[in-house]
1. Would you mind telling me which numbered condition in (1) of a type in the set (Phe, Trp, Tyr); (2) over 20 Å from the mean Cα position of the chain (by Cα); (3) not in a loop (DSSP other than H, G, I, E, B) residue A:409 fails?
2. Looking at the stretch A:47-76 only, could you name the residues that are buried (at least 22 other Cβ atoms within 10 Å of the Cβ) and more than 20 Å from the chain's Cα centre (by Cα)?
3. Residue check, residue B:66 against (1) touching a Gly at 6+ places or on another chain (Cβ under 6 Å); (2) modelled with pLDDT of 80 or more; (3) under 21 Å from residue B:7 (Cβ atoms), all met but one. Which one?
4. Report those helices (runs of 4 or more DSSP H) wholly inside the stretch A:285-382 carrying at least 2 residues which are without any contact (Cβ under 8 Å) to a residue 40 or more places away in the chain.
5. Looking at the structure I just gave you, is residue A:238 assigned to a loop (DSSP other than H, G, I, E, B) and exposed (fewer than 15 other Cβ atoms within 10 Å of the Cβ)?
6. Can you pull out the residues in the stretch A:442-471 that are under 24 Å from residue B:311 (Cβ atoms), outside any strand (DSSP E or B) and not hydrophobic (A, V, I, L, M, F, W, C)?
7. Give the residue that is farthest from the other protein chains (Cβ to nearest Cβ), with candidates limited to residues of the stretch A:180-221 that are in contact with a Phe, Trp or Tyr (Cβ under 7 Å, 6 or more places away or on another chain) and among the aliphatic types (A, V, I, L, M).
8. Looking at this structure, is residue B:402 in contact with an Asp or Glu (Cβ under 6 Å, 6 or more places away or on another chain) and either farther than 29 Å from residue B:340 by Cβ or at pLDDT 95 or above (or both)?
Amino acid sequence: MGHCGQFENNYSRRDFLRKTSLGLGALSLASLLDPGLLATNQMSGTGMIGPHFAPKAKRMIYLFQSGGPAQHDLFDYKPLLNKMNGQEIPESIVNGQRFTGMTAGQASFPLAGSHFSFKKYGQSGALFSELMPHTSRVADDLAFIKSMHTDAINHDPAATLILTGSQLSGRPSLGAWLSYGLGSENRNLPDFVVLVTKDKYGQPLYSRLWGNGFLPSHHQGVQFRAGKNPVLFLNNPPGVTDSNRASQLQYLNKLEQINLKETGDPEIEARMAQYEMAFRMQTSVPEIMSVEKEPEYIYDMYGPDAKIPGTYAANALLARRLVEKGVRSVQLYHQGWDQHGNLPAAITTQCKETDQPTAALITDLKQRGLLEDTLVVWGGEFGRTSYTQGQLSATNYGRDHHPKCFTIFMAGAGIKAGITYGKTDDFGYNIIENPVHIHDLQATILHLMGFDHKQLSYKHQGRRYRLTDQFGTVVKDILS
Amino acid sequence: MQHLIGHLHPLVVHLPIGFIILAIITDWYGRNNTQERFGNLSVFLWLLVALSSISAVITGLVLIDSGHYEGLNVFIHRWTAIGIAVISSLIFLCKWKSINYFKHQEISMKFLCVVLLIIAGHNGGEITHGSGYLSLVPQKAQPIQWNIAHSIDSIQLYKDILQPVFESKCIRCHEEGDERGRLNLQSQEGMLSDVFGDPGIMPGDLSKSEIFKRVTLSQGHEKFMPPSGPALTYAEIRVLEFWISEGASFTGLLGNQEQIPKDIKNILTINYDLDFEEKSFYDRLTVDHASEEDIRTLQLSDYNVKSIAADHALLDVNKTGLGDKISKNQMEQLLRIKNQITWLDLSQTDVTDEIGEILLQMPNLTKLKLQNTDVGDEVARNLINHKQLKTINLYDTKLSDAGLLDLGKITSLRSLYIWQTNVTNAAVEELKSSRPDLKIVGNLSTTESVE
């Protein structure tokens, strides 16, 4: 660089192109003279945008039920389906809706009434099937949206849409947006942690569902796994002690400083910050994962699975521990809700695995005062049909994907507890009141976290992107 | 082609204006100059005037021919413009041929030319920009001077919004002493009393409210009100309609209306600058920003300090991820930003009861989290008179019944977390009955289902 050192600056290739393509006039003298101006911009590792207004929620736990839980067997009670069990779904209700390739070839579409009985719970009188004996106890803490609808009819695009705002992959996930917008609360832990139930099969999960898209890479979700290595490649290799690692990092830091001086690449600083974060996580992650200190009554609350690492119950407990330590968003993934056939048996298993831990998590957050500023969301990527897939027998039925309506529930910060929003028709096929699109849900979540979803954007490839793309309306009626 | 020529009129029409002024100024400047060259210049300038005015007239006539322009203004504009073209051509001819007669009439012809120019120009302006354009002053929405800033609660629909409308559009005829149509709009009784059968205002019934009927008649109708002057605007009529159908209260506050229709909100927002957006508690507080230096100092003493929202003065302070040690000195550091702290989280630290006296000095503290610490009743005693606290989390502390009762005296308090403390169920029940507005959350793990 030598004599032209006065123009040295922390420009990445993309920045260089962006600035110079606007002509030299756009290269502001201020940023040339004060590298700090750009540096703060790029090193958003610490720099955050901050909420647009005082947020109701500081943290979010998203309990993602992958595969699409059957709303008619859990919450959206439709006695007409039992009455008309086996009869053909009227054409006026289907109204030309496309079917998936899995049922399009079916000669008939008989309605399938739920095999499970429903009751009203709590003062709010929310409806639950017998599959949810525990969650029904916290009915008055929940707000149901029975009129969710989505654009996609298959898992991959539907999950990508609800978790990243677009059916096409490549956009930042909800948790990444929150990390980008809110910044970190605990410098020893990632902003966004992902917990996937172990040994569940079904629709595949991809890391892009918690990816950073085009946001800086430290905003991506970090998956904590059950077992010896919760975060892959975090632990020192055998034979390397902590002090070895510390001095190694120190020396690496020195070298990187030289490198930074030479090339001025801001990614070097980002990388160094991440090395140091990883080093701190070597202490903080084992601490948070060591659930043995939890008292017995807490295990009792979360249920028999709670002591088996990697189960939904253990992950729910871990989620509470993570938000307690200031992690911004925790996302649980539980596969296996894709019940095209053999639904009664399969959904019973799913509920046994998830019902008690979900209820326990909400109760546990509540008694610790955390529910007041933590938002909890439960739901899948779409719903299931009211007609059967495959043969309808006295003991068995299946349900296909249904994007036109499904049920989710929310609880906690800023949510009007004990309400049910939206309505579907008697066949549980179409929405007849207050539809809520995926982008509306996302806008509402961002609103609760203190953001105007129209303002939270990131410029990439020449235009500003939002989680809600060009759409989304905050569902004010479910806010407290 | 015809359109193009017509549309060139606004361009061409400005040429004669400039040339006439230039020619007259040049003639005046050279009034004592007898050089031939100067005379030629004058002739040339008047040639330009004549040619440009003729072009303006031709393009203008073509434009009129398009059929979009009619009326008196156009008539005047056309003939005055033709007048200019004729007179200026005459001036040019006389000057060119040095006709002697002209010398005597020169001044008056030029004067006539200028007068016609002013008339034609003014009429052109009226045609293009609308009548009265010259004296038009852009009108802005006149915000009402509210007693309480940004609060719709204190607005009286009648007094603040409708009465001024009546005063400007109706009262010059329907006032006390000049009660035309027997209607007096200056008194409430006058409005409610009968006018030829129906009263001026019949609360709750639009079809029997004579005033509403009259102002919504077709404007050509002989009974339309007001008979002269500007009619009531759509916005004014809509507010009047809302006011009558809601019972026509002369003192009712807008804030007491249960449901204000969306279009009324829009009208009031656009015309009166009213803000219907609900302001959160945090936006209503006015606090100075903490200094950069104070925030930096706090951060250096191991606190996370952040604004609760971008550019907000109120601060969110916690020690998450920054160790569980907190010294007396560190506690006192908080006083540097005591006015700005609104959320304070010192949970899972070794904070002691000494924090109580410090908390008392934080007037805008709304959320206090001290769970998983060793604090106890002492803190509660210090907080009795706090005015803003909404949430206190003291689960897993040494709080006991005495402390609970003290916390119950904080009138602003809405939620209190006391799981795993020494508080007894009896004390909780007692407080619950005296403070139904306070949510007390204790042990939930064993709660039986409500079925």
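The values are calculated or read from the model by the stated rules, or taken from the named source; none is laboratory data. Computed from a predicted model, the values in this text were never measured in an experiment. Methodologically, a virtual Cβ is constructed for each residue, glycine included, from the backbone with ideal geometry; neighbour enumeration extends over all protein chains shown.
1. Single failed check for residue A:409: (2).
2. Scanning the stretch A:47-76 gives A:72, A:73, A:74, A:75, A:76.
3. Exception for residue B:66: condition (2).
4. Working: elements: A:296-302, A:312-324, A:343-367.
The helices (runs of 4 or more DSSP H) meeting that bar are A:296-302, A:343-367.
5. Numbers: assigned to a loop (DSSP other than H, G, I, E, B): yes; exposed (fewer than 15 other Cβ atoms within 10 Å of the Cβ): yes.
Against the criterion (assigned to a loop (DSSP other than H, G, I, E, B) and exposed (fewer than 15 other Cβ atoms within 10 Å of the Cβ)), residue A:238 qualifies.
6. So in the stretch A:442-471, the residues under 24 Å from residue B:311 (Cβ atoms) come out as A:443-459, A:464-468.
Then keep just the ones that are outside any strand (DSSP E or B); that gives A:443-456, A:467-468.
A:444, A:447, A:450, A:452, A:453, A:454, A:455, A:468, listed by residue number.
7. The selected residue is A:205.
8. On the way: in contact with an Asp or Glu (Cβ under 6 Å, 6 or more places away or on another chain): yes; either farther than 29 Å from residue B:340 by Cβ or at pLDDT 95 or above (or both): yes.
So residue B:402 fits the description; yes.
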